[in-house]
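Heads up, the thing below is written out as C-alpha cells.
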Amino acid sequence: MAEKVKCLIIGSGPAGYTAAVYAARAELAPVLYTGAEMGGQLMITTDVENYPGYPDGVMGPQMMEDFRKQAARFGTDIRMGVIKEVDFTGPIHKAIADDGTEILADSIIISTGASAKWLGIESEQKFMNKGVSACAVCDGFFFKGLDVALVGAGDTAAEEATYLAKLCPTVHMFVRRDEMRASKIMQERVKNTENIIIHWNTSTEEILGNEEVEGVRVVNNKTGEKKEIPVKGFFVAIGHKPNTDMFKGWLDMDETGYLICKPDTAKTNIEGVFASGDARDKVYRQAVTAAGTGCMAALDAERYLTEKGLI
C-alpha cells in the first residue's frame, strides 16, 4: 500500500536538510530520504571554514550532523534510504525507495547533489583530506604558501588554478593533451599567470607521501618520461557529475545532467517538483549556496501547496 505525504525530499546535504528545516517549520511534515551518501560531499570534507555561523570552523561531518539534528528537531521524518525510481505522470508524484516503499507526494524537492569525478588511482583515496581535494575554492586556503598541483584542462580547472596561484608560490597544472579544453580567455589567464607551470601531455601516475601528500609522480604521454614533483596539495578538477540519472525523461536538464529551473525559482518543468543544491548548480557548488537553494525549494513548495489548497 502506498504512503501519502505532502512533501518528499530526495537527498540530504546542505540543500536537503535546509529544505527540511523550512518545510517542517511550515508544517509540511516532510519525509527526507538521505540517499546513499548521507550528508553529501561534506561527509568527505574535513575543515570547513567558509560557512557562516562557525567562527572557529567545523568538520564537514559534524556540520552535517548539526544540520540533521535541526531538521529532525522540527519534525522531519529522516529515513536512511535511497529513492530508486520516480513517476511524474500525474499531479500526485510517485517515488519508490530501495526497500520497496511506494510514496505518493503532493510535492517533491530534489537535493541529490553531484559527485566529483576522480582519476581512479589508489593513492587518490588514500590521501583524501590529507592533501587531496576536488575543490580549490573550498580547501585552497589550507595550502597558502605551499606548492600544489592541479589536474584538469577545462574552464573549472583554469579557474581553480588561477585561484590557487593567488595563495601558493607554484601551481603545477597537468594537462593530458597538448591543448586545453578551457575557453580562450581562461587559457590566456592561466598562461599569463607567472607562477602556474603547465605540464602538457602529462598524466598523474601516483600521489606520493606517508601521512599526507608530499609529491606527485607524473608521466609524459608522448615520451614516456617520468618525474616526481614535490607538492603539498593535489587538486582534481576534471568535473562533477550531477546525481540526476533517475530524472532523465521527466525533468529538463542540460547536456551534462544538471537540472534546469525556471529563472529565480526552484521550479522545474514539472509542477510540484523543485530542485536544489548541486543537482542544479554547476557554477558555485558551495555548501552555503546549496543551503540557499534548499530554502528556495521549500518556500516554493509551500506556496505551491497553498495555491493548490493542499495545506
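The values are calculated or read from the model by the stated rules, or taken from the named source; none is laboratory data. As the structure is a prediction and not an experimental result, all values here were calculated from the model. Heads up, the Cβs are rebuilt from the backbone with ideal geometry, glycines too, and the neighbour counts pull from every protein chain shown.
Some observations on this one:
- Unmet criterion (only one of (1) surrounded by fewer than 22 Cβ atoms within 10 Å (Cβ to Cβ); (2) under 23 Å from the mean Cα position of the chain (by Cα)) for residue 227: (2)
- Subset of the range 245-261 [surrounded by fewer than 16 Cβ atoms within 10 Å (Cβ to Cβ) and out of contact with any His (no Cβ under 9 Å at 6 or more places or on another chain)]: 245, 248, 249, 252, 254, 255, 260
- The requirement of being surrounded by 16 or more Cβ atoms within 10 Å (Cβ to Cβ), of a type in the set (Phe, Trp, Tyr), assigned by TED's automatic domain parsing to the domain that holds residue 287 and touching a strand residue (DSSP E or B) at 6+ places or on another chain (Cβ under 7 Å) is satisfied by residue 33.
- All positions within the range 262-285 that are of a type outside the set (Ser, Thr, Tyr) and surrounded by fewer than 24 Cβ atoms within 10 Å (Cβ to Cβ): 262, 263, 264, 267, 269, 270, 271, 272, 281, 282, 283, 285
- Residue check, residue 188 in a loop (DSSP other than H, G, I, E, B), modelled with pLDDT of 95 or more and surrounded by fewer than 18 Cβ atoms within 10 Å (Cβ to Cβ): no
- Qualifying strands (runs of 3 or more DSSP E) (wholly inside the range 56-118; at least 1 residues being in contact with a Cys (Cβ under 9 Å, 6 or more places away or on another chain) and of a type outside the set (D, E, K, R)): 102-110, 114-116
- Candidates 231, 213 - the one that is touching a His at 6+ places or on another chain (Cβ under 7 Å) and closer than 18 Å to residue 171 by Cα: 231
- The condition (being crowded, with 17+ Cβ neighbours inside 10 Å, closer than 30 Å to residue 250 by Cβ and polar (S, T, N, Q)) is satisfied by just one residue among 170, 162, 112: 112.
- Condition met for residue 288 (modelled with pLDDT under 95 and surrounded by fewer than 17 Cβ atoms within 10 Å (Cβ to Cβ)): no
- Test result for residue 123, outside the structural domain of residue 205 (by TED's automatic domain parsing) and surrounded by 17 or more Cβ atoms within 10 Å (Cβ to Cβ): no
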